[in-house]
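Here the structure comes first, spelled out in structure tokens, and everything after it is commentary.
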Amino acid sequence: MNKVNLMNLDQKQMEEFLLNIGEQPYRGRQICQWVLQKGVKNFSDMTNLSKQLRQKLAGLAELGGVEILAKQESREGNTVKYLFGYPDGQAVESVLMLHSYGSTACVSTQVGCRMGCRFCASTLGGMVRDLSSGEIYDQVLAIQKDTGKRVSHIVLMGSGEPLDNYDNSIKFIKNITAPYGLNISARHITLSTCGIVPGIKKLARENFPITLAVSLHAPNNKLRDHLMPVNKKYPLEELIPACREYADFTGRRITFEYSLIRDVNDREKYAEQLGNLLKGLLCHVNLIPVNPVKERDFHRSSWKNILRFKKLLEKYGINSTIRKEMGSDIDAACGQLRRKVILNSK
Ligand code: SAH
């Protein structure tokens, strides 16, 4: 019989699990604290349980966990990139960014990615597998353990498409914001999607006060089809109304991500098209100088063009910020470290 990974359960399921093995449900609540709050990885550390129960649990269940396979710190010391390995030999990246207001963990939701965005390193080797909610959670626990600091903010912006792994991503958010979990404020969580329309509609109804970020990168279908194949399935005439619906339904401002690629999507006409596309939508645009990926022939826009783009958006009443770059010296673009470590060792 396969052991149950307790990291994947919420409190209610933990109570049910205990009931099913002939124990009291309140034990489930105690175990939840050990597992999701304190992050213990040995049943023997669960000191408020009898030795008998700890042994019984060790026979039936496991506690997940990741191993640090590689770690790189940026020169300024404010960004740390991790390559985490799972027991089945798969690995994903996570990034920790230290800010004056706290620290943000950028977590991966899948090993690889099936979305095929042209500028992204995570998708180069295709999709390998989904991560379970507990496997995503373990990235945060491991970062906290390694740094000794509390993670206050989370972005689901590592490798993978969270809305292509919907149930596990949602369960991760539920558990990490729960009082029985790390109790991280949902307002400090951002989920980023390449634009899976049914997922956006479903997410609106979850009633989470999280921020939705949508990776747009192009203001018309022709260019977006080219940069992001997902646009062929969910074109802008479906994506933008879904975003409007999300903003109306939740009352929350959407962030649009727009990575500026020299001579590809940074021309004046594209800023104007973007201005028209987003007019009247409760939103904010995050302009990101593209991170060049070795396997791709994309270059970052000039500073002059980035500022021109921002100014043009302002004419349409659209606020934007230029993302502060952190960690470009440590392969911080999605999927770069995994490729470097894993492929070089093959
Ligand atoms: N699948 C999700 C989340 C993962 S990617 C999504 O597409 O949103 C997180 C963000 O990084 C996305 O906006 C993605 O488009 C962007 N990104 C990927 N590769 C990049 C690169 N080389 N330079 C700049 N941004 C990149």
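Being away from the ligand (no atom under 15 Å from the Cβ) and assigned by TED's automatic domain parsing to the domain that holds residue 258 is a property that residue 114 lacks. Before we move on, is residue 194 under 26 Å from residue 69 (Cα atoms), in the same structural domain as residue 233 (by TED's automatic domain parsing) and hydrophobic (A, V, I, L, M, F, W, C)? The answer is no for residue 194. Evaluated against (1) assigned to a loop (DSSP other than H, G, I, E, B); (2) at pLDDT 95 or above, residue 313 falls short on exactly one condition, (1).
All of (1) modelled with pLDDT of 95 or more; (2) assigned to a strand (DSSP E or B); (3) of a type outside the set (D, E, K, R); (4) over 16 Å from the mean Cα position of the chain (by Cα) hold for residue 105 with one exception: (4).
Scan the range 117-145 for residues that are under 30 Å from residue 222 (Cβ atoms), in contact with a helix residue (DSSP H, G or I) (Cβ under 7 Å, 6 or more places away or on another chain) and away from the ligand (no atom under 13 Å from the Cβ) and the total you get is 0. Evaluating residue 79 against the criteria (1) surrounded by fewer than 19 Cβ atoms within 10 Å (Cβ to Cβ); (2) of a type outside the set (D, E, K, R); (3) under 22 Å from the mean Cα position of the chain (by Cα) leaves one unmet condition, (1). In the range 290-314, the residues that are among the polar types (S, T, N, Q) form Cβ pairs under 8 Å with partners that are part of a loop (DSSP other than H, G, I, E, B) and within 11 Å of the ligand (Cβ to nearest atom), at six or more places apart or across chains, as follows: 291/332; 291/333; 301/290. Being touching a Phe, Trp or Tyr at 6+ places or on another chain (Cβ under 7 Å) and on the phi > 0 side of the Ramachandran plot is the filter here; which residues of the range 174-226 pass it? Across the range 174-226, the qualifying residues are 195, 217.
Of all residues assigned to the range 204-223, at least one qualifies as being of a type in the set (A, V, I, L, M), within 25 Å of residue 297 (Cβ to Cβ), modelled with pLDDT of 95 or more and surrounded by 21 or more Cβ atoms within 10 Å (Cβ to Cβ).
The values are calculated or read from the model by the stated rules, or taken from the named source; none is laboratory data. What you see is a predicted model, and the numbers here were worked out from it, not measured in a lab. When we count neighbours, we look across all protein chains shown, and the Cβ atoms used for this are built from the backbone with ideal geometry, even at glycine.
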